[in-house]
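The values are calculated or read from the model by the stated rules, or taken from the named source; none is laboratory data. Just so we're clear, the structure is a prediction, and the values are computed from it rather than from any experiment. Reconstructed Cβ throughout: ideal geometry from the backbone, glycine too, with neighbour counts over all protein chains shown. Please note that ligands, DNA and RNA were not included when accessible areas were found on the heavy atoms of the full protein model with its side chains. Shrake-Rupley method; radii C 1.70, N 1.55, O 1.52, S 1.80 Å.
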Amino acid sequence: MISRNHTVLSIIALSCLLFSWACWAQEKTENEPKGEDKKEQKKESVVDNEVELGLYYLSDDSFRYGKYSGLTDEGVYALLDFKLEKRPAWNSGDLTRWRFQGWRAGLNSRRFVFDFSQQGKQRFRFDYRQIPNNRFSNGLTPYMGLGGDELRMPVGWEIADGSNNTRGFINLDDYLRPYEIKTDRKSITLGYELKISESWDMAIGFRHENRDGVRNTFGIIGYNMTSTRSAELIAPVNWQTDNLNLMFNYSSGRARFGIGMYASFFNNDDTALQFQNAFGKVGNWEKGVAFPDGFGQMALEPENSYLQFKAYGGFIFNARTRLTADLSWGTMKQDDAFLPYTINPALRVREELPRTNADAKIDTLFFSTRLTSRLTNRLNLVANYRYDDRDNKTPREAYRYIGGDSENQKPKALSRINLPYSYTRQTADALLNWSVARGFSLKGGVEWNDYSRDYAEVEDSNEWAWLAGARLASWENLSASIDYRHSDRDVDEYIGNLPFQQSYLPGVLPEDAFQNHPWQRKYNQTDRNRDEWRLRVDWFPTRDFNIGVTGSHWTDDYGEGHFGLNEAKAHSWSLDFGYRPVEKISLSVFYTHENWDSSQSNRQIYSFDPETIFLEDRNWYADSGDDVDTLNFHAGFEQLGARENLTFGIDYTYSYVESQIHVTGGDFIETAPLPALKNKLKTWVIYGQMDINERSAVTLRAESGKLNVDDFALDHVTQDTLTNILTLGQPTQDYDLWLISASWKYRF
Amino acid sequence: MFERPSCLSTIRTMLVLLVYSFFLLAGGTALAAESEPIEAEAEYSRGSRMCLACHGEGRAQAAHEILLSRMAVTADPETPMADDNHGCESCHGPSKAHTRKASDGSRPSPAITFSPGEPAELKNSNCLGCHDNGARFHWMGSMHDIQQTACVDCHDLHVENDPVLAVESQPEVCYTCHAEQRSQFMRQSRHPVQAASQATSHLGLMTCTDCHKPHGSAGEASLVQNTINETCYECHAEKRGPFVFEHQPVREDCSTCHQSHGSNYAPLLNGRGPWLCQQCHNAWNHPSTAYSGTGIPPQGASPQVLASQCLNCHNQVHGSNHPSGPGLTR
């Protein structure tokens, strides 16, 4: 299916591009100036090209520093930025302009954009983007075959007699070797817009993306908490995504409408990841599961597609009132062939798969409409309604599964049935904005949000909100606004064990059997009161001085008397300051402080001791808090020196995040403090440019970056710290380095 | 039982009253000082050349660079500078009076100055006179429209390249108002949108408009697609599925677990596992167990607290297509 769709997609894209090129060629011939006219217009065209050529020098290795830039290894890199441009002089009579621009051409975070247009007629755009994601390079693994879809333990891998955990890996250290966990996205986007007539235009966009590399994941062997062993694996990433957008738009007089389509196809070169079990035999594993015979297999991301048709329309009744509507309907599909229940031939499979693939399908329907009306000269109304339906039509089947490639097939009664979640969401809101006076307005409104779900704990939830705000912009040099919103979500009866029961064959479980504690409430499906404040003041006492303050606060109250998230709140405030004491000097500062807090409660319960669900001394509580401070200071100086040919600037950024998690509990619960999670980043940038003449300049730039991260989940955790999990053991990635660049800019 | 208000709540109440008082006073002042709307001058001046005589290079409020922009291409009949249009006054309104001083020596302003004190609706109505189609179809009633954002608050027309349309400078324009997002893009786990103005690392690699339509859209938060998930699938199509075994909140809304701009918890999570997962899951045994400092070295080594926490086993948290994967482990 996917390949057929691909062919169709390619034909559509190619046809559109050929069509656009033909149009352009035709236009070009018709508009080609003749003789003297041509000479005159050529003179009038402006060519503006700029090339910056130089070198970067990075003082130390750091995957973290170069996560998105590609500047990961100590050494020298090429610096190449350029802009080649031709545009018509304003009164030349010419409409054609193009620009070809490139950023970081010497790094693997390069981007090239080519933009060609005949203004008011057509436009073509090419965009090549390369986005690296260098995650970490300090993980170590004994697995062989890295980057492929079959991972094996090295020849000579030994396990101590009778051992079934990481302590028994006799020669682990001998085989550990590093592997870089990174992916590289390369995308090409082609866009074309054509004004077909006075009223019609079309736009087509096509994007092809390759994402290659590896990611870390975990493969498990075993089927319950005591028998499960896991290994951190390196999974291949060989993904391709194709997206196509096509729209035809009509606009004339009072009417606006458009029709179009969106298609997206995801392909994966790898369907599964096989891995050899590194662990010795656990008591209840079947024969042939442990090292060296045992293998595990996990499914990788399945190929899928999404096809959507879109239409929109609007009508301007008069200068005061307009109505718009959007409609989209589509289908998401996925029919990759299933992997077998187990890869391990030693395990007994009594019953075959109920089907060869999931035949997964979700029909989507989205409708929205908006009415905007200027009821009076001072009163505006905006009303919206949205309907969003996801109808999951994936067939439900009982899968008689095998836990972690380690046991014989489950008894039929323990088969699990998939739950194809569907939902319908409706929202509506109405907002009135009253211009009390010039520059002073008040607003107020109501919002409604309704969710209907299946295979969920709550069938229907309903949320009402009201909001109010004021805005002041009465003077040239001051503006301020304040907004408040309160919402109240009410849900139907919460049946905590409903999805759990629905995932088993009817009659298998007792009616009151549950998985989560009966008092558990999932925070996206429970009653909630939310209060939000937002304040903003901007003051411009002079043209050269501005100061702005922004503050916001919100609280989510989920109530007490249940387990789960009980409260979450956050506040943030920012200060912006800008000052230009003289024309050649600019100063700016911004500071932001944010605080996030949440409180949750829970009860420790054990299946082997069901009475624990009633015992309050098993209760425990976790309070989490994040404090985030961000500061930036910048000073820029231009036209310095006798020849006024020097530019100089300094920039400092400081970002500090501290997260605390406090866990406390009843008498039965033993807890100990957790260290804070910290992240401190300091960056200094000093840069200068000297203009040699009108065409060329030299620039120097030095950046000092320093990152310190404290993370208890990674610090001091090696490959065998966890007894039942073989990890990559990568520590946090701090850095303290310099990036120095020197370049020459030339304009021609 | 009546409880005495705490000192903090008294301060908070006073602060709220103070803010309200400010708005009432300021609003009253504005109401009292309200004047009749500016009546546009009926006459146009002699055109853009005359305007640029005073607003040319090196002058205060220089606007000459507009001649380098798309707005000034005379061959396009839809631009302000086209022969049949009124040049600068196509946008600024008929402003002949501005070309000469009044009897008291003052110089009347152009009909529309696009200054901060002018109502956004007045300023925008001029822009929408020509740009009320295509990407602006959803402008009326969009979040920026409701917040009374003027087109010129984001767009700079008097320059060759409008900074908000250039990939390398767009985020800085957005941060002017969206300070929280700027801070979020400086966190350790984030999308690669440039947050520090002078850092070279990934300038222009990703921009705000990759996910958002600032002129409004049919979906929430002015996203490029109808829903949050559909927007995320644009670049993360591998998570679209549908999978045979799904995770309910994942199918519904990525932001249930993720913060799209940036987070202190990789990958872009709202919190740290296992506690984030335990906000919804407290099944028998390990999902309901209290995890704390007892699970980290040297006190202990808990697989739920260290490395990738719950994902050490339940790594297929976005959905599994393995017929033996109901626990999202395969």
Any chance A:Leu677 is surrounded by 16 or more Cβ atoms within 10 Å (Cβ to Cβ) and either within 9 Å of chain B (Cβ to nearest Cβ) or over 30 Å from B:Tyr265 (Cβ atoms) (or both): yes
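Which residues, counting only those in segment A:362-400, are open to solvent by 70 Å² or more (accessible area, probe 1.4 Å) and in contact with a strand residue (DSSP E or B) (Cβ under 7 Å, 6 or more places away or on another chain)? Don't jump to the end; show me each part of the working.
Residues of segment A:362-400 that are open to solvent by 70 Å² or more (accessible area, probe 1.4 Å), as a first pass: A:367, A:374-375, A:377-378, A:393, A:396.
Residues satisfying the conditions are A:Phe367, A:Arg374, A:Leu375, A:Arg378, A:Lys393, A:Arg396.
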task: Quick one: count up the residues across segment A:506-541 that are free of Cβ contacts under 8 Å to residues at least 24 places away in the same chain and assigned to a strand (DSSP E or B).
output: 1
query: Which residues, counting only those in segment A:60-106, are small (Gly, Ala, Ser), more than 21 Å from A:Glu50 (Cβ to Cβ) and in a loop (DSSP other than H, G, I, E, B)?
result: A:Ser62, A:Gly66, A:Ser69, A:Gly70, A:Ser92, A:Gly93
Cβ-Cβ under 9 Å pairs, at least 6 apart or on other chains, segment A:126-151 side in contact (Cβ under 8 Å) with a residue 12 or more places away in the chain and part of a loop (DSSP other than H, G, I, E, B), far side open to solvent by less than 40 Å² (accessible area, probe 1.4 Å) and among the charged types (D, E, K, R): A:Gly139/A:Glu232; A:Gly148/A:Asp270; A:Asp149/A:Asp270
task: Answer yes if at least one residue in segment A:699-706 is touching a residue at least 40 places away in the same chain (Cβ under 8 Å) and surrounded by 19 or more Cβ atoms within 10 Å (Cβ to Cβ), and no otherwise.
output: yes
- request: For residues that are part of a loop (DSSP other than H, G, I, E, B) and polar (S, T, N, Q), scanning just segment B:297-314, find the one that is most open to solvent (accessible area, probe 1.4 Å).
  value: B:Gln299
- request: Output the residues belonging to segment A:469-504 that are in contact with a strand residue (DSSP E or B) (Cβ under 6 Å, 6 or more places away or on another chain) and assigned to a loop (DSSP other than H, G, I, E, B).
  value: A:Asn477, A:Asp492, A:Gly496, A:Ser503
- prompt: Looking at B:Ala301, B:Ala283, which one is within 18 Å of A:Gln600 (Cβ to Cβ) and aliphatic (A, V, I, L, M)?
  reply: B:Ala283
- prompt: Can we say B:Glu220 is in contact with a helix residue (DSSP H, G or I) (Cβ under 9 Å, 6 or more places away or on another chain), more than 7 Å from chain A (Cβ to nearest Cβ) and open to solvent by 20 Å² or more (accessible area, probe 1.4 Å)?
  reply: yes
task: Mind listing just one residue for me: the one in segment A:451-468 that is assigned to a strand (DSSP E or B) and more than 12 Å from chain B (Cβ to nearest Cβ) and, of those, farthest from A:Ser435 (Cα to Cα)?
output: A:Asp460
field: Among the candidates A:Ser552, A:Ser503, residue that is of a type in the set (Gly, Ala, Ser), in contact (Cβ under 8 Å) with a residue 12 or more places away in the chain, in contact with a Pro (Cβ under 9 Å, 6 or more places away or on another chain) and within 13 Å of chain B (Cβ to nearest Cβ)
entry: A:Ser503
statement: By residue number, the members of segment A:107-124 that are within 8 Å of another protein chain (Cβ to nearest Cβ) and in a strand (DSSP E or B) are A:Arg111, A:Val113
- prompt: Among the residues of segment A:560-578 satisfying the criterion of being small (Gly, Ala, Ser) and part of a strand (DSSP E or B), which is nearest to the other protein chains (Cβ to nearest Cβ)?
  reply: A:Ser574
query: Just to be sure, is A:Pro581 of a type outside the set (D, E, K, R), exposed (fewer than 15 other Cβ atoms within 10 Å of the Cβ), out of contact with any Cys (no Cβ under 8 Å at 6 or more places or on another chain) and not in a strand (DSSP E or B)?
result: yes
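Kindly indicate whether B:Leu165 is surrounded by fewer than 21 Cβ atoms within 10 Å (Cβ to Cβ), aliphatic (A, V, I, L, M), in contact with a helix residue (DSSP H, G or I) (Cβ under 6 Å, 6 or more places away or on another chain) and more than 10 Å from chain A (Cβ to nearest Cβ).
Judged against the criteria, B:Leu165 is not a match.
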query: Checking A:Ala635 against (1) open to solvent by 30 Å² or more (accessible area, probe 1.4 Å); (2) within 13 Å of chain B (Cβ to nearest Cβ), which test does it fail?
result: (1)
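Given the residues B:Pro94, B:Pro110, B:Pro80, which is the only one that is more than 14 Å from every other protein chain (Cβ to nearest Cβ), assigned to a loop (DSSP other than H, G, I, E, B), closer than 30 Å to A:Val46 by Cβ and within 34 Å of the chain's Cα centre (by Cα)? Spell out how you get there, then give the answer.
Numbers: B:Pro94 fails: closer than 30 Å to A:Val46 by Cβ; B:Pro80 fails: more than 14 Å from every other protein chain (Cβ to nearest Cβ).
Checking each option against the conditions leaves just B:Pro110.
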message: Looking at segment A:340-361, can you tell me whether even one residue there is aromatic (Phe, Trp, Tyr), over 30 Å from the mean Cα position of the chain (by Cα) and at the interface with chain B (Cβ under 8 Å from one of its Cβ atoms)?
response: yes
- request: Just name the residue that is nearest to A:Met225 (Cα to Cα) out of those in segment A:608-628 that are in contact with a helix residue (DSSP H, G or I) (Cβ under 7 Å, 6 or more places away or on another chain) and touching a residue at least 12 places away in the same chain (Cβ under 8 Å).
  value: A:Arg618
statement: Of those in segment A:125-151 that are buried (at least 20 other Cβ atoms within 10 Å of the Cβ) and away from chain B (no Cβ under 12 Å), the residue nearest to A:Phe275 (Cα to Cα) is A:Leu151
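Looking at B:Gln278, B:Gln304, which one is modelled with pLDDT of 95 or more and within 8 Å of chain A (Cβ to nearest Cβ)? Walk me through it before giving the result.
Numbers: B:Gln304 fails: within 8 Å of chain A (Cβ to nearest Cβ).
One residue alone meets the criteria, B:Gln278.
If I ask for residues that are among the small types (Gly, Ala, Ser) and on the phi < 0 side of the Ramachandran plot, which ones from segment A:215-259 would you list? Can you show your working first?
Here is the first cut: in segment A:215-259, the residues among the small types (Gly, Ala, Ser) are A:219, A:222, A:227, A:230-231, A:235, A:251-253, A:255, A:258.
Selection gives A:Gly219, A:Ser227, A:Ser230, A:Ala231, A:Ala235, A:Ser251, A:Ser252, A:Ala255, A:Gly258.
Condition check ((1) more than 24 Å from A:Gln426 (Cβ to Cβ); (2) open to solvent by less than 40 Å² (accessible area, probe 1.4 Å); (3) more than 30 Å from the chain's Cα centre (by Cα)) across all residues:
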| residue | (1), (2), (3) |
| --- | --- |
| A:Glu459 | no, no, no |
| A:Ile495 | no, no, yes |
| A:Pro499 | no, yes, no |
| A:Pro506 | yes, no, yes |
| A:Gln520 | yes, yes, no |
| A:Arg530 | no, no, no |
| A:Val537 | yes, no, yes |
- request: Might you check whether a residue that is in a helix (DSSP H, G or I), within 7 Å of another protein chain (Cβ to nearest Cβ) and of a type in the set (S, T, N, Q) occurs anywhere in segment B:174-190?
  value: yes
statement: Picking from B:Ser106, B:Ser115, B:Ser125, the residue that is under 24 Å from A:Gly120 (Cβ atoms), surrounded by fewer than 21 Cβ atoms within 10 Å (Cβ to Cβ) and without any contact (Cβ under 8 Å) to a residue 24 or more places away in the chain would be B:Ser125
